[in-house]
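Quick notes on the structure that follows.
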Amino acid sequence: MNLELLREERPLVHHMTNEVVMNFTANGLLAFGGSPVMAKEPEEVEDIASVAGALVLNIGTVRKEDIETMIKAGQAANKAGVPVLLDPVGAGATSFRKNAVQRIVDEVDVAVVKGNAGEIAALADIPLNVKGVDADESGDAEEIASRAAGKLQTLVVVTGETDVISDGQERLTSSHGTPLLGSITGAGCLLGSLMAACMSVEKDHKKAALFALEFYNRAAERAAKKVGGPGTFIPHLLDELGKADG
Amino acid sequence: MNLELLREERPLVHHMTNEVVMNFTANGLLAFGGSPVMAKEPEEVEDIASVAGALVLNIGTVRKEDIETMIKAGQAANKAGVPVLLDPVGAGATSFRKNAVQRIVDEVDVAVVKGNAGEIAALADIPLNVKGVDADESGDAEEIASRAAGKLQTLVVVTGETDVISDGQERLTSSHGTPLLGSITGAGCLLGSLMAACMSVEKDHKKAALFALEFYNRAAERAAKKVGGPGTFIPHLLDELGKADG
Amino acid sequence: MNLELLREERPLVHHMTNEVVMNFTANGLLAFGGSPVMAKEPEEVEDIASVAGALVLNIGTVRKEDIETMIKAGQAANKAGVPVLLDPVGAGATSFRKNAVQRIVDEVDVAVVKGNAGEIAALADIPLNVKGVDADESGDAEEIASRAAGKLQTLVVVTGETDVISDGQERLTSSHGTPLLGSITGAGCLLGSLMAACMSVEKDHKKAALFALEFYNRAAERAAKKVGGPGTFIPHLLDELGKADG
């Protein structure tokens, strides 16, 4: 995975995403080296998705009419060979969300699904207790990642205390990061955007996802050392995302 | 009011809120100890509102179609015994907003209404000069709070230089805070979210509202001492919201 | 241009804007001295636009149905003598956006159009290579500004390394600023809001636009000296916008 190349190319990442975190996502991706575009008008999503480096579909605040538009954008991305990342935020919280993400994975060729254990379990029909959009960490993240990857035939990233990447055969884990990532909104959403940006320059999506995950977690660790709480963590995390890794 | 209990339970607060302040609200509530969920799709709001610890209805950027959905969510919350807080942002600015909040208080059993003097006066039909979404502070906040509480049969919180809480009989006031709260967007919206979170663990809503108000204002006072303006105030306010009171 | 007068009057600036940057825009305008209102419900936009000090139309995340509402608000502003600023974000990226902004300039009397070279070129039908919402800087910004101003019969502001203001006859340029403005989302959107606020108190819109541009760029230069990257730049920029110029 070549970060310098990414920062030279500044890949356009088309987001149809969570309204809560749009600003944070855009600033985080800009700092990292990508070019965020947020657009959800049905008349233009195909035009944008098909010229983008990657497409992120995040159902955090999705409405019924947006599902069709996400599928339209996803299919345009598929036709153009643009990788699609799905973030099934709160998939286990309501049947509306569960149906929404299942329609998306049925109708769009999704390259990577990224979520917490509860969200991924909901997609893969593994029963779990889910409270709101955040799942209990009670499931076995590694088991859930493997089973979901096999079932969905995609790369699966399960975030949590230990993050897991699985393609159904191989399993990679990472235990970096800081609890502060859990105390701000949109930390997971931004990780998805960085992964998408990496996928646009690194065709081995497992390598791309792992690079983004480790880079992000190390940036967060560095930021955490400089701050007094979740509020000051946010600007420092953005600063660190703009630096070289290490 | 037991803050430790709240931070252990991390109550889910369902927001149908102002798009301008969603990110700030979510981060502020997370720091304080709650779990924010923002969702406004008609097909899922009842599912979420009925399992939440509290529901916040904020009309800051409301559209016509959202009013029905807010009422639907509010009635589901009522049925499930989940307290509802209404923030009538800019209620006096347009007849659309005034009608919207009046429909909500007619059809939903609202536990607390929180706003500035102009907003509360518009709800309670006390004539006042209102400019945009921020009212002139010309009315008598204490008088407005009492009359509105009597008329609406709810707890009323009027924010301003002195904040007033009234249930129509008893009146509590607080003069803490900092002018910096008036120089950032969403300071009042976030206060509503903290009150809602407190109401989910403290059944005496007057105590819950007063605790949130005093905690918030003291956190803001501490943050104000560390910063050079409204921009740096924001992250420090979030940091302080995550600490113990005092 | 009298900044003290502006800070005394705190002009209401009605925004129909980009969802990604609403919070940053609102906080930036508050710090500078204006009063932001974001509202896009068709039933109330005329009421708000006609009592505002200025109206900002920004198509960053516009949907089809919002175009009609923007025109409605724009025409109400025109009737009331309220200046309208158009920010044609990504106008060259899709035919949907190009048609949207052309409908707006056809049906609304726009006082100022502000965008980067690619966006303004798209409006003025000068062919340019455009990538996503950010244009290549390959066009001649001064040439584009002059031609667009002549064609659209409005004041035109082209932002870039050197910012250009043109009314078709006179051309003003400014080379202040910092590369950090290009590394955060919404820097251009916020500049539009400050210009709009200035236009509400300074009837010579060229003076108003130049004042806002220079003030903003100098505030950004001061902020840049204090920070370690784009994340910490944001709060410090907001702080500086609240200070006196110089």
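A few comments on the model shown:
- Solvent-accessible surface (1.4 angstrom probe) belonging to A:Arg10, in square angstrom, nearest 10: 80 Å²
- What you get for the range A:161-240, charging only the Cβ of Lys and Arg (+1) and of Asp and Glu (-1), is a dipole of about 140 debye around the Cα centre.
- Counting only lysines at least 8 places from A:Lys206 when in the same chain, those with an alpha carbon closer than 25 Å to its own are A:Lys79, A:Lys114, A:Lys151, A:Lys243.
- For the protein assembly as shown, the mean residue ellipticity at 222 nm estimated from helices alone is -16000 deg cm²/dmol, where every DSSP H run of n ≥ 4 contributes -39500 (n - 2.57) and the total is divided by all residues, rounded to the nearest 500.
- Per residue, the average separation of C-alpha pairs within less than 8 Å and at least 6 apart gives the range C:3-238 a relative contact order of 18 percent.
- Bridge orientation summary for the protein assembly as shown: considering DSSP beta bridges with both residues in this region, about 30 percent are antiparallel.
- Signed unit charges on C-beta, dipole axis of the range C:3-238, positive-most listed residue C:Val105, C:His236, C:Gly60: C:His236
- For the protein assembly as shown, the dipole from Cβ point charges (+1 on Lys and Arg, -1 on Asp and Glu) about the Cα centre works out to 660 debye, to the nearest 20.
- Threshold 10 Å² - residues in the range A:198-235 whose accessible area is reduced by that much or more when the chain is no longer isolated, probe 1.4 Å: A:Gly228, A:Pro230, A:Gly231, A:Thr232, A:Ile234, A:Pro235
- Taking every DSSP bridge with both residues inside the range B:3-238, close to 30 percent are antiparallel.
- At q = 0.20, 0.23, 0.29, 0.31 Å⁻¹ the log10 of I(q)/I(0) for the range B:179-222 amounts to -0.59, -0.74, -0.99, -1.06, computed by Debye summation with a single uniform scatterer per C-alpha, solvent ignored.
- Of the solvent-accessible surface of chain A, computed with a 1.4 Å probe over protein heavy atoms with every protein chain present, carbon and sulfur atoms account for 46 percent.
- Solvent exposure of the protein assembly as shown, expressed per residue, is 34 Å² of accessible area, with all protein chains present and a 1.4 angstrom probe.
- Extension gain, C:Arg7 back to C:Glu170 (0.36 nm per residue minus Cα-Cα distance, nm): 55.8 nm
- Chain A: C-alpha pair distances exceeding 29 Å, %: 20 percent
- Threshold 30 Å² - residues in the range A:79-106 whose accessible area is reduced by that much or more when the chain is no longer isolated, probe 1.4 Å: A:Thr94, A:Phe96, A:Arg97
- For the range C:212-246, the list of trypsin sites (Lys or Arg not before Pro) that fall in a loop by DSSP and count at most 11 other C-beta atoms within 10 angstrom reads C:Lys225.
- Across the alpha-carbon atoms of the range B:97-221, the computed radius of gyration and Dmax are 13.5, 38 angstrom.
- Among B:Asp109, B:Asp47, B:Asp163: highest mean-square fluctuation, GNM of chain B, C-alpha pairs under 10 Å: B:Asp47
- Residue-level accessible surface for A:Phe24, protein heavy atoms, 1.4 Å, Å²: 10 Å²
- Residues with amide H under 5 Å from that of A:Val89, placed H, sequence gap 5 or more: A:Ile59, A:Gly60
- Chain pair C, A: total accessible area buried, heavy atoms, 1.4 Å probe, Å²: 2100 Å²
- Local electrostatic count at B:Arg147 - Lys and Arg +1, Asp and Glu -1, tallied over other residues with Cβ under 12 Å: -2
- Peptide C:14-24 shows a mean partner chain C-beta count of 6 within 10 Å per residue C-beta.
- Solvent-accessible surface (1.4 Å probe) assigned to B:Asp167 amounts to roughly 50 Å².
- Check: chain B dipole with +1 on Lys, Arg Cβ and -1 on Asp, Glu Cβ, in debye: 260 debye
- Sorted largest first, extent of the protein assembly as shown alpha carbons per principal axis (Å): 69, 67, 43
- Inter-site label distance for A:Lys207 and C:Glu221 at 7 Å from Cα along Cβ, in nm: 4.5 nm
- Candidates C:Glu202, C:Glu142, C:Glu68: whichever shows maximal mean-square fluctuation once chain C is modelled as a Gaussian network with Cα springs under 10 Å: C:Glu68
- Positive-end residue, the range A:3-238 charge dipole about Cα centroid, Cβ charges, pick of A:Gly92, A:Gly182, A:Ile120: A:Gly182
- For the pair C:Lys243 and C:Asp140, a Förster radius of 30 Å applied to the C-beta separation gives a FRET efficiency near 0.30, rounded to the nearest 0.05.
The values are calculated or read from the model by the stated rules, or taken from the named source; none is laboratory data. Everything quoted here is computed from the prediction, not taken from an experiment. Cβ coordinates were reconstructed from backbone atoms using ideal geometry, including for glycine residues, and neighbour counts include every protein chain displayed. For accessibility, only protein heavy atoms count, side chains too; no ligands or nucleic acids. Shrake-Rupley method; radii C 1.70, N 1.55, O 1.52, S 1.80 Å.
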